[in-house]
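A short worksheet on the structure shown next.
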Amino acid sequence: MLVSYELNILDALQSIHTPFLDWLMVAVTNLGDYGLIWIILALILTILPKTRRTGIALMIALLLDVLVSNIWLKNYVARLRPCEVNPTVPLLIPKPLDYSFPSGHTAASFTASCTLLGMKSRLGWPSLFLSMLIAFSRLYLYVHYPTDVLAGMLVGFSLGALVPSLFNLQSSIHALRLVPLENR
């Protein structure tokens, strides 16, 4: 029953297709392929001394995302993609070969942007905007259901809150150790 409602939403999105939007959504979704943009960003941040902690936090969060989303949830839920359920809709990108739930593009993007926000990076808000575009592109391109994207967002929000919290907790514990016992 939920699938029919979700297909109705995806079918409605097919009515807004234009050549420009088709090009834009393909370009945006390609940015999220394999989480590569986020991995490259994590590497750059890790190389720079001033942003090293943020880069390491981002790498850890992305690794956890791969484990949770791509290795565990996708294979556990094993949901077919909308383009497999309704193959009459022409795809603008090659049909992804893995399962649909959750959206890996969305999960990686929101994991990255929420981690950046949690680490108080200036890149947090711009990356969140890009994450929203990537999530929408997955619906526009008919390769994910809305609940796949929502689940990807939830994974991203969760990991993006967890990892910075652990980093901030570790910093607090480390700061306490630096204060001599007689001054506590």
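The values are calculated or read from the model by the stated rules, or taken from the named source; none is laboratory data. This one's a predicted model, so the numbers in the text were calculated from it and none came from an experiment. Cβ coordinates were reconstructed from backbone atoms using ideal geometry, including for glycine residues, and neighbour counts include every protein chain displayed.
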(request) Would you mind listing the helices (runs of 4 or more DSSP H) fully within the stretch 27-82 where at least 1 residues are closer than 13 Å to Ala107 by Cα and among the aromatic types (Phe, Trp, Tyr)? (result) 36-47
(message) Checking the condition of a type in the set (Gly, Ala, Ser), touching a Phe, Trp or Tyr at 6+ places or on another chain (Cβ under 9 Å) and buried (at least 20 other Cβ atoms within 10 Å of the Cβ), which residue from Ala112, Ala42 passes?
(response) Ala112
(request) Taking only the stretch 100-123 into account, find how many residues are within 19 Å of Val28 (Cα to Cα) and either among the polar types (S, T, N, Q) or at pLDDT below 95 (or both). (result) 6
(message) Residue under question is Leu97, and the condition is that it be modelled with pLDDT under 95, surrounded by fewer than 16 Cβ atoms within 10 Å (Cβ to Cβ) and not charged (D, E, K, R); does it hold?
(response) yes
(message) Anything in the stretch 121-171 that is more than 26 Å from Ser15 (Cα to Cα), assigned to a loop (DSSP other than H, G, I, E, B) and in contact (Cβ under 8 Å) with a residue 60 or more places away in the chain? List them, or say none.
(response) Ser121, Leu123
(message) So in the stretch 83-104, with the set limited to residues that are in a loop (DSSP other than H, G, I, E, B) and among the β-branched types (Val, Ile, Thr), which one is farthest from Leu21 (Cα to Cα)?
(response) Thr88
(message) I'm told Leu24 meets every condition in (1) under 26 Å from Phe167 (Cβ atoms); (2) modelled with pLDDT of 95 or more; (3) part of a helix (DSSP H, G or I) except one. Can you identify the failing condition by its number?
(response) (1)
(message) Consider the stretch 67-79. How many of its residues are surrounded by fewer than 17 Cβ atoms within 10 Å (Cβ to Cβ) and touching a residue at least 24 places away in the same chain (Cβ under 8 Å)?
(response) 2
(message) So if I check each of Leu133, Leu91, Leu128, which one is more than 13 Å from the chain's Cα centre (by Cα), surrounded by fewer than 22 Cβ atoms within 10 Å (Cβ to Cβ) and not polar (S, T, N, Q)?
(response) Leu91
(message) I need the full set of residues from the stretch 8-39 which are on the phi > 0 side of the Ramachandran plot and exposed (fewer than 14 other Cβ atoms within 10 Å of the Cβ), in order please.
(response) Tyr34
